[in-house]
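J.: Mind looking over this structure? Questions follow.
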Amino acid sequence: MTDSKYFTTTKKGEIFELKAELNSDKKEKKKEAVKKVIASMTVGKDVSALFPDVVNCMQTDNLELKKLVYLYLMNYAKSQPDMAIMAVNTFVKDCEDPNPLIRALAVRTMGCIRVDKITEYLCEPLRKCLKDEDPYVRKTAAVCVAKLHDINAQLVEDQGFLDTLKDLISDSNPMVVANAVAALSEIAESHPNSNLLDLNPQSINKLLTALNECTEWGQIFILDCLASYTPRDDRESQSICERVTPRLSHANSAVVLSAVKVLMKFMEMLPKDLDYYGTLLKKLAPPLVTLLSAEPELQYVALRNINLIVQKRPEILKHEMKVFFVKYNDPIYVKLEKLDIMIRLASQANIAQVLAELKEYATEVDVDFVRKAVRAIGRCAIKVEQSAERCVSTLLDLIQTKVNYVVQEAIVVIKDIFRKYPNKYESVIATLCENLDSLDEPEARAAMIWIVGEYAERIDNADELLESFLEGFHDESTQVQLQLLTAIVKLFLKKPTETQELVQQVLSLATQDSDNPDLRDRGYIYWRLLSTDPVAAKEVVLAEKPLISEETDLIEPTLLEELICHIGTLASVYHKPPSAFVEGSRGVQHKRLPGRSGSGESSESPEAAQPAGGAVPEAAPAVIPSQGDLLGDLLNLDLGPPTSGGSPAPNSAMQMGAMDLLGGGLDSLLGGDIGGSPAMGAGFGGVPAVMPASLNAPVGGGLGDLFDLGGGVGMPTGAYVAPKSVWLPAMKAKGLEISGTFARRAGVLQMELSLTNKAMSIMSDFAIQFNRNSFGLAPAGPLQVLTPLSPNQTIEVSLPLSTVGPVMKMDPLTNLQVAVKNNIDVFYFSCQYPINILFVEDGKMERQVFLATWKDIPSDNEAQFQIKDCHLNTDAATSKLQSSNIFTIAKRTVDGQDMLYQSIKLTNGIWVLTELRVQAGNPNYMLSLKCRAPEVSQYVFQCYEMVLKN
């Protein structure tokens with residue numbers, strides 16, 4: 001008979017009967033009674049009253065009965081801690097039992113009894129089991145250490161169990177090694193800075209040896225541990241890759257993904273010209289393809305991971321396009337994921353195949369899938385230029401089907417194709433206009449209105465078409481209203497005579513009858529532009545649009561690197577870092593891929609990695625003659641004797657002034673009198689404080705002034721402000737979480753803070769103080785938290801800063817140590833401010849002064865950096881930099897290369913002179929910096945990178 005009979009009895013007085021049976025002399029009766037107790041416990045009845053009677057049954061040789069009693073004990077020990085102490089003697093005894101299964105069972109149960117009172121009694125038995133002769137007992141004891149650490153971390157450390165665990169990594173039995181690694185990884189996760197897994201080539205070798213012989217879960221633990229190791233050089237990473245590669249053919253998909261994670265990480269360190277690198281790329285494809293023959297849920301997980309891998313290294317799967325073609329019986333979530341990967345892998349070689357597939361998908365029955373397939377055709381057109389024409393004709397065929405949602409999606413993507421390839425496919429506009437009446441979705445209506453407005457001069461009845469939309473203006477969504485407003489203004493600027501009434505109608509609808517602030521504001525701006533300066537209006541509204549790129553949906557590179565380090569975990573399925581969905585301390589450690597060997601980068605510390613990687617000067621292009629001569633030519637300066645009376649002094653005096661102004665290196669500047677010594681002021685008596693042109697514009701001079709349309713680069717965009725990051729996690733501050741950033745607005749330094757109360761009690765009486773720091777930053781007023789901070793409430797505070805506080809050179813230079821007090825305690829944290837908040841508004845040097853100072857600063861003080869992947873033209877770069885108070889003094893073009901000469905002045909009077917070289921079509925800029933205080937150069941470079949790339 002099965003055990004189901006134990007679940008069917010619900011008599012009254014049952015507890016009393018069970019008590020009698022548990023104390024029976026007959027072994028069989030005892031066992032039956034314990035089974036009944038466990039059954040009652042399983043269905044949620046309270047059988048804690050039987051605790052002493054069940055514990056008495058522990059003294060038995062019968063393994064089955066012992067297991068049942070231990071199960072009961074685990075469940076009720078927490079609610080009956082005093083009773084549970086009775087069982088301690090039996091544990092101690094069982095840990096010495098001749099049968100290894102009983103010894104292991106005792107250790108496992110000890111780890112599951114989460115009662116503080118008992119833990120100290122269990123240390124001795126656990127110590128013996130960790131050194132047990134039987135590997136089964138040792139592997140169980142290893143996991144027990146992690147459980148005990150969770151209950152009482154201090155006890156585990158005091159008893160030396162962590163060292164014993166580390167020794168178990170060298171155990172002869174692979175399963176013991178795997179469990180020791182799992183336990184140490186678990187403990188290390190909750191204590192990120194403990195450096196428990198002190199991995200070195202010897203221990204890595206032991207792990208790799210154990211890898212071949214342990215169970216699949218053991219292999220996953222070891223592979224995950226290997227993934228957190230950073231090899232010393234490419235030879236070591238190659239040898240690890242060679243030993244991990246066989247895991248790719250494992251039957252368990254989790255092992256395969258963990259192996260892929262290790263290989264993806266270590267490939268970063270291999271030189272691309274290495275033969276082995278190519279071999280490894282070829283070996284990675286088959287296991288990923290095999291994962292796609294599993295059941296749909298596993299396929300989905302595999303596809304989400306493949307999506308990341310393809311973004312990082314598309315070459316791995318570039319020949320495997322067919323695997324991602326959709327099968328008719330795939331569930332929708334698999335179909336959509338496959339579609340995404342197909343577009344990522346689309347290239348000139350396979351585009352014909354892909355388009356044929358996508359056209360097929362667009363006739364499917366599943367609406368969501370069809371929509372995505374139509375969008376995919378548009379993305380292919382934008383990605384592979386050679387296929388654009390075929391894509392457009394495919395989209396036109398689909399529009400002819402007259403299926404409503406297909407037509408609407410097609411119009412949305414054709415709008416993007418027009419943006420990517422202007423003046424190429426406008427012949428299809430007539431076909432699009434035929435379908436105007438069928439559009440009922442906001443996005444499609446907005447796209448169609450954009451097309452009509454943008455190409456109004458080619459559409460004879462553009463005014464009628466737009467007027468038809470205008471009839472139901474107030475029923476449209478905001479997206480459509482905004483497009484309609486802009487389109488009619490464009491139409492008016494192209495055909496002013498015929499559309500006067502129409503534009504007045506839409507402007508009054510937008511400004512007088514609408515309660516949407518965005519729409520009203522845009523209406524007012526157009527109205528004023530058109531009434532004050534139609535020419536300026538034309539320049540603004542009909543300005544050339546930047547081309548769009550297909551890479552808009554790629555994951556941001558640093559996030560992608562972190563997700564690659566989490567392949568095979570939930571993070572790789574959600575495409576979010578663990579910190580976004582794991583609460584508490586675990587999983588918040590941010591991982592990075594290692595840099596190439598020789599680049600000076602290390603995956604351990606991004607801060608430490610910067611100088612070595614960045615400061616290697618690239619070979620200067622051949623066009624550049626020696627610096628001194630070039631600057632004289634470029635700035636086109638006449639350095640002869642001055643002709644007019646009020647001009648600067650001759651060269652030698654100039655150099656003297658520059659010398660004084662720039663001080664004698666950072667130490668002397670930071671050492672004391674920063675308030676500006678006489679020397680500092682004297683050197684440049686004649687230098688006016690030059691403001692950026694657009695900030696000098698008189699206020700209230702009509703819209704022309706607002707947009708600075710007279711000349712120059714246009715509106716200052718406002719200095720870049722980094723997004724807030726968490727400076728003080730709630731765990732470390734009794735529930736107070738502080739995140740923040742720094743900003744400079746209109747010459748005022750601000751520390752912008754978000755204070756969140758994650759505790760259960762109200763917080764009040766906030767105050768803040770800074771330690772001495774490199775640039776004398778100090779609060780310029782109190783921390784204004786006017787109301788108490790309730791639980792789960794967040795408050796935004798802006799703290800004005802001054803630069804007249806006490807000075808002490810910090811390492812790193814921009815480090816700031818902060819203390820925040822509230823009614824609960826005082827909390828300390830440190831953060832780093834971007835150096836551009838210290839760039840002052842009067843940092844524009846005169847040309848002559850710039851040249852003299854540049855020549856005067858020794859060439860040893862010059863640092864060169866490369867800013868990679870920057871796709872701005874010179875004007876956009878100048879404008880962005882100027883908004884952060886980096887002023888361009890001169891620009892010269894030599895052999896197609898733009899040279900920008902720029903100056904920066906810091907709050908403590910340090911000047912930084914720079915030369916930025918921009919080559920058309922080359923996304924890598926060269927930056928040369930000269931400064932009396934070379935310590936600053938690295939931080940100024942980081943600021944250039946930050947401003948230009950954001």
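The values are calculated or read from the model by the stated rules, or taken from the named source; none is laboratory data. Quantities reported herein were computed from a predicted structural model and do not represent experimental measurements. Please note: Cβ atoms are built from the backbone with ideal geometry, for glycine as well, and neighbour counts cover all protein chains shown. Accessible surface areas use protein heavy atoms only, side chains included; no ligands, DNA or RNA. Shrake-Rupley method; radii C 1.70, N 1.55, O 1.52, S 1.80 Å.
J.: Taking a quarter of the surface of the convex hull around the Cα atoms of segment 1-155, what do you get in nm²? All intermediate terms of the calculation are to be shown ahead of the outcome.
T.: Working: hull surface 37.9 nm².
Here the figure is 9.5 nm², rounded to one decimal.
J.: Let me ask you something else. Peptides 786-799, 24-37: what's the order by average Cβ count within 10 Å, highest mean first? Don't skip to the answer; put the middle values down first.
T.: Details: 786-799: 13.7, 24-37: 16.8.
My ranking of the peptides, most packed first, is 24-37, 786-799.
J.: Test of understanding: express the Cα radius of gyration of segment 263-327 as a ratio to 2.2 N^0.38 Å, with N the residue count. Present the calculation step by step, with values, prior to reporting the outcome.
T.: Values: Rg = 12.6 Å, N = 65, 2.2 N^0.38 = 10.7 Å.
Compactness ratio reported: 1.17.
J.: Would you give the gap between the C-alpha center of segment 388-442 and the C-alpha center of segment 123-156, rounded to a whole Å?
T.: 67 Å
J.: Take the eigenvalues of the Cα gyration tensor for segment 878-928, scale each by 5, and report the square roots as semi-axes in whole Å, largest first.
T.: Ellipsoid semi-axes (Å, largest first): 22, 10, 9.
J.: Can I ask one more? Per residue, how many Å² of accessible area does segment 110-187 show with a 1.4 Å probe?
T.: Details: 3110 Å² over 78 residues.
Heavy-atom SASA per residue in segment 110-187 reads 40 Å².
J.: If you don't mind, there's one more thing I want to ask. Debye sum, Cα scatterers, segment 900-943, no solvent: what log₁₀ I/I(0) at q = 0.23, 0.29 1/Å?
T.: With one equal scatterer per Cα and no solvent, log10 I(q)/I(0) is -0.79, -1.09.
J.: Right, here's the next one. What whole number of Å gives the distance from the Cα centroid of segment 484-537 to the Cα centroid of segment 263-315?
T.: 53 Å
J.: I'd like the carbon and sulfur percentage of the solvent accessible area for segment 811-910, probe radius 1.4 Å, heavy atoms only, ligands and nucleic acids excluded.
T.: Details: 1470 of 3620 Å².
Reported share for carbon and sulfur atoms: 41 percent.
J.: Subtracting the Cα-Cα distance from 0.36 nm times the residue separation, let me have the gained length for S239 to E467 in nm, one decimal. Walk me through the intermediate numbers first.
T.: Working: separation 228, 0.36 × 228 = 82.08 nm, distance 7.02 nm.
Value of the extension gain: 75.1 nm.
J.: What number do you get for segment 197-325 when its Cα radius of gyration is normalised by 2.2 N^0.38 Å, N = residues? Each step should come with its number before you reach the end.
T.: On the way: Rg = 14.5 Å, N = 129, 2.2 N^0.38 = 13.9 Å.
So the Cα radius of gyration is 1.04 times the expected 2.2 N^0.38 Å.
J.: Which entries in the list K545/K880; K283/K322; K576/K880; K383/K576 go over 20 Å, if you measure between the two C-alpha atoms of each?
T.: Details: K545/K880 18 Å; K283/K322 18 Å; K576/K880 30 Å; K383/K576 25 Å.
Going by Cα-Cα distance, K576/K880; K383/K576 fall outside the 20 Å limit.
J.: Could I ask something else about it? Could you give the spread of the C-alpha atoms of segment 858-950 along their three principal axes, from largest to smallest, in whole angstroms?
T.: 36, 26, 22
J.: Same structure, new question: If every alpha-carbon in segment 470-510 counts as one equal scatterer, what log10 I(q)/I(0) does Debye give at q = 0.20, 0.28, 0.30, 0.31 1/Å?
T.: Debye output, listed in q order: -0.54, -0.95, -1.04, -1.08.
J.: In whole Å, what are the Cα extents of segment 817-918 along the three principal axes, biggest one first?
T.: Here the Cα extents, ordered largest to smallest, are 64, 33, 26 Å.
J.: Below 22 Å, Cα to Cα, which lysines can K93 reach? Residues fewer than 8 away in the same chain don't count.
T.: K27, K30, K31, K66, K67, K78, K117, K128, K131, K139, K147
J.: Moving to a separate point now. Can you check what the net charge comes to around T478, using other residues whose Cβ is under 13 Å from the Cβ of T478 (Lys, Arg +1; Asp, Glu -1)?
T.: Numbers: positive: R445, R520, R522; negative: E443, D475, E476, D515, D518, D521.
Around T478, the surrounding residues sum to -3.
J.: Kindly state, as a whole number, the per residue volume in cubic angstrom of the convex hull around the alpha carbon atoms of segment 410-501.
T.: On the way: hull volume 8.4 nm³, N = 92.
In segment 410-501, the Cα convex hull volume per residue is 91 Å³.
J.: When we measure straight from the Cα of K402, which lysines land under 26 angstrom away, once same-chain ones fewer than 8 places off are left out?
T.: The reachable lysines, counting only those whose Cα sits under 26 Å from K402, are K327, K335, K359, K372, K415, K420, K424.
J.: How much length, in nm to one decimal, is gained on full extension between D150 and H319, taken as 0.36 nm per residue of separation minus their Cα-Cα distance?
T.: This chain segment gains 56.1 nm when fully extended.
J.: Using bins 5 angstrom wide from zero, how does P(r) for segment 284-434 break down, in % of all Cα pairs?
T.: Binned Cα distances yield the sequence 2, 9, 20, 20, 19, 13, 9, 5, 2, 1.
J.: Here's something else I'd like to know. What share of Cα pairs, in percent, lie more than 19 angstrom apart in segment 59-124?
T.: Values: 473 of 2145 pairs.
That fraction is 22 percent.
J.: While we're looking at this one, here's another question. Run down the lysines and flag those whose C-alpha is under 18 Å from the C-alpha of K930, throwing out any fewer than 8 positions away in its chain.
T.: Cross-link targets: K844, K855, K891, K905.
J.: At 0.890 mPa s and 25 °C, plugging the Kirkwood radius over alpha-carbon pairs of segment 98-155 into Stokes-Einstein gives what diffusion coefficient in µm²/s?
T.: For the chosen part, D equals 220 µm²/s.
J.: Could you work out the mean projected area of the convex hull around the alpha carbons of segment 200-275, in square nanometres to one decimal?
T.: Working: hull surface 18.8 nm².
Over every viewing direction, the Cα hull of segment 200-275 projects on average to 4.7 nm².
J.: Provide Rg over Rh for segment 721-802; use the alpha carbon set for both Rg and the Kirkwood Rh (inverse mean inverse pair distance).
T.: Values: Rg = 13.1 Å, Rh = 13.5 Å.
Taking Rg over the Kirkwood Rh, I get 0.97.
J.: I need two numbers for segment 807-857: Rg to one decimal and Dmax as a whole number, Cα atoms only, in Å.
T.: When restricted to Cα atoms, segment 807-857 yields Rg and Dmax of 18.5, 58 Å.
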